[in-house]
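Input: a single structure, listed below in C-alpha cells.
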Amino acid sequence: MLSRPERPDLDHPSSILYFVVPDIKAAHRQLLDQGVKFEGEPQLIARMPDHDLWLVGFRDSEQNVLELMSEVPRA
C-alpha cells in the first residue's frame, strides 16, 4: 500500500511493513506478553465482500511503525 502519512509522527523516511497473521487478536496478545509496545488495539479497518480487514500498529526498537494485518473470513 502506498499512501501519504496520516499523521505528522508518521512523516519520516521509512516504509511501514505489514505482517499478515491468521488471528490478529491472538498475535497482538502474544506480542504484548513479550513486551511489544502497540499503538492501540486491533481495529476493523474495512469490510470487504468476503472478509474483514483488521490492523494494529506497533513500533520496533528504532521506533519505526510496523503493522499486523489479518483478513478475517466472513461467516
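The values are calculated or read from the model by the stated rules, or taken from the named source; none is laboratory data. Here the structure is a predicted model, which means the values were calculated and not measured. Positions of Cβ are generated from backbone atoms using ideal geometry, with glycine treated the same way; all protein chains shown enter the neighbour counts.
A few notes on this one:
- Filter result for VAL36 (surrounded by 14 or more Cβ atoms within 10 Å (Cβ to Cβ) and assigned to a loop (DSSP other than H, G, I, E, B)): yes
- Selected residue [exposed (fewer than 15 other Cβ atoms within 10 Å of the Cβ), at pLDDT 90 or above and basic (Lys, Arg)] from ARG29, ARG4: ARG29
Residues are listed down the side, and each one gets a yes or a no for (1) under 18 Å from ARG74 (Cα atoms); (2) of a type in the set (Gly, Ala, Ser):
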| residue | (1), (2) |
| --- | --- |
| LEU10 | no, no |
| LEU17 | no, no |
| PRO22 | yes, no |
| GLY40 | no, yes |
| HIS51 | yes, no |
| VAL56 | no, no |
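- Looking only at residues of region 41-60 that are under 10 Å from the mean Cα position of the chain (by Cα) and not in a strand (DSSP E or B), we find that the one that is surrounded by the fewest Cβ atoms within 10 Å (Cβ to Cβ) is GLU41.
- Scan of region 34-75 for residues that are out of contact with any Phe, Trp or Tyr (no Cβ under 6 Å at 6 or more places or on another chain) and of a type in the set (Ser, Thr, Tyr), ordered by number: SER61
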